[in-house]
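Undergrad: Handing you this structure, nothing more for now.
Read the figures in this text as sums done on the coordinates, not as results from a lab. If you're wondering where the values come from, they're calculated on a predicted model, not measured in any experiment. Cβ sites come from the backbone with ideal geometry, for glycine too, and all protein chains shown count toward neighbours.
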């Protein structure tokens, strides 16, 4: 448990993270998933310099050569398309809460109402499951939470805490969470001049354990990249409750960290395509060649309105074309990288039956799945369902409804003909935005003074 929390904490202490929290990896993987501006901001990280490009000598290219190559490096977002395909398959059967028919109308209205509005913000349960699946695939973890509007309220809402937001935690010997810390932020406008752009950034560190929620707040100017050395965060709220830890981790196996598995093939493909694009930009154009009797007399080559070049007797003009064979190795290298990417997915699918979560499926269920991808997707569904069931059981106990029979349907049982095609991975369709980590800490929630 957290024990007695001080009234103030040095910000540098709060900026420490769990040893399992990999901010560097998450930044890279989020960029590979998002593409666009987020990828562009980190493109130099993904496209390393060649030895010649590290030289400061302009006569051998140096930095200018790298800038030219960087400008030809375009990212085809195979990673984003693949992850969206997986998340769509995971929730394809519409995950939902189903209450036994003998339940009271009030209980049924509350529980099944979460299917339509799970978080109190209009997001249905299927959307939260999609966010959770995406978070696990990209960052290896995610967390469901329970939120209450006011003290004494028992109609809790389900929220999602992303892997980026939960940056520190502690576990017991069995790996069960004891407490977690969530870090969020928001920008603030000057109340006296609300028409002006925000100038202050407020950071919140929210600690959760089985007995209380404690919120610390610190402010800094947006113009400052870091907090001052001696900055402190002040305890803003301390709320006691008897719910138990209101955060439920999605216990995903390391094998489910798809982004970590496909990172190398994706980067290799990006770099090969970047090299090919630069080669084409630099060398694929025909060059006009003029064979002139007295070249020095021409300040320019006369051209008629029809586009014909005017030449003297004995002079000629032609085009020097690049040899197509010179491009062939680059094209073959790109295709080879694509093949390596697909092979990594095939290996991942074949390993699905050995994932611990797959062991939770019955032998008949696995036998009925003739394709490895079906086993893989069901294995991904199980940790999300498990976390939701733990949340539901704890919420039932809090609401004194332990005898109520509740089922989670729509997880697993997806039919997959084959691996996603290149067209499916390129044709991304976003159905919902992921929750932002730049939200203020909630007024809560479970409070019983």
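Undergrad: If one computes the Cα centroid of region 1-63 and of region 182-221, what distance in Å separates the two points?
TA: If you average the Cα positions of each part, the centres end up 23 Å apart.
Undergrad: I've got another one for you. Can you tell me, using C-alpha contacts under 8 Å and at least 6 residues apart, the relative contact order of the chain as a whole percent?
TA: Contact order relative to length: 23 percent.
Undergrad: Moving on. Quick one: what Rg and Dmax do you get for region 43-163 from the alpha carbons, in Å?
TA: So, for region 43-163, Rg and Dmax equal 24.3, 83 Å respectively.
Undergrad: For the chain, modelled as a GNM with alpha-carbon contacts under 10 angstrom, which of 277, 230, 330 fluctuates the most?
TA: Among 277, 230, 330, the largest GNM mean-square fluctuation belongs to 230.
Undergrad: I would also like to ask the following. Suppose each label sits 7 Å from its Cα in the direction of the beta carbon; what would the residue 18-residue 324 distance come out to in nanometres?
TA: Here the answer is 5.6 nm between the modelled labels.
Undergrad: On to the next question. Averaging over all projection directions, find the projected area of the Cα convex hull of region 1-87 and quote it in nm² with one decimal place.
TA: Convex hull of Cα atoms, orientation-averaged projection: 10.4 nm².
Undergrad: With springs only between Cα atoms under 10 Å, which of 97, 83, 222 fluctuates most in a Gaussian network model of the chain?
TA: For the chain, modelled as a Gaussian network with Cα springs under 10 Å, the answer is 222.
Undergrad: If you don't mind, another one. Can you work out D for region 125-189 in µm² s⁻¹ from Stokes-Einstein, where Rh is the Kirkwood radius over C-alpha pairs, the temperature is 4 °C and the viscosity is 1.567 mPa s? Mind showing how you got there, number by number?
TA: Numbers: Rh = 13.7 Å.
The diffusion coefficient I find is 95 µm²/s.
Undergrad: How tilted is helix 372-398 with respect to the longest principal axis of the chain? Cα atoms for both, answer in degrees (0 to 90, nearest 10).
TA: 30 degrees
Undergrad: For helix 62-71, what angle does its Cα long axis make with the longest principal axis of the chain, in degrees from 0 to 90 and rounded to 10?
TA: Compared with the principal axis, the helix lies near 70 degrees.
Undergrad: If you don't mind, another one. For the pair residue 170 and residue 10, what calculated FRET efficiency results from E = 1/(1 + (r/R0)^6), where r is the Cβ-Cβ distance and R0 = 22 Å, to the nearest 0.05?
TA: 0.65
Undergrad: Hey, another quick one. Between 181, 251, 189, where does the largest GNM mean-square fluctuation fall for the chain, given springs only between Cα atoms within less than 10 Å?
TA: Evaluated over the chain, the most mobile residue of the options is 189.
Undergrad: Using a Förster distance of 35 angstrom, determine the FRET efficiency expected from the C-beta separation of residue 64 and residue 187, and round it to 0.05. Display every interim value, and only then the final one.
TA: Numbers: r = 38 Å, r/R0 = 1.09.
That gives a FRET efficiency of 0.35.
Undergrad: Over the Cα atoms of the chain, how large are the radius of gyration and the largest Cα-Cα distance (Dmax), in Å?
TA: Considering the chain through its Cα atoms, Rg and Dmax are 28.9, 103 Å.
Undergrad: Once every DSSP H run of n ≥ 4 in the chain is given -39500 (n - 2.57) and the sum is divided by its residues, what mean residue ellipticity at 222 nm do you get, rounded to the nearest 500 deg cm²/dmol?
TA: Per the formula, -11000 deg cm²/dmol.
Undergrad: Report the per residue volume, in Å³, of the convex hull enclosing the C-alpha atoms of region 138-266. Please list the in-between numbers first.
TA: Details: hull volume 25.3 nm³, N = 129.
Cα convex hull per residue, to the nearest whole number: 196 Å³.
Undergrad: On a C-alpha basis, how far is the centre of region 94-169 from the centre of region 379-414 in Å? Whole number, if you could?
TA: Computed from Cα coordinates, the inter-centre distance equals 10 Å.
Undergrad: On C-alpha positions alone, give me the angle between the axis of helix 328-350 and the longest principal axis of the chain, in degrees, nearest 10.
TA: The answer is roughly 20 degrees.
Undergrad: Okay, next question. Write down Rg/Rh for region 289-338, rounded to two decimals, with Rg from the C-alpha atoms and Rh from the Kirkwood relation over Cα pairs.
TA: With Rh from the inverse mean 1/r over Cα pairs, Rg/Rh is 1.31.
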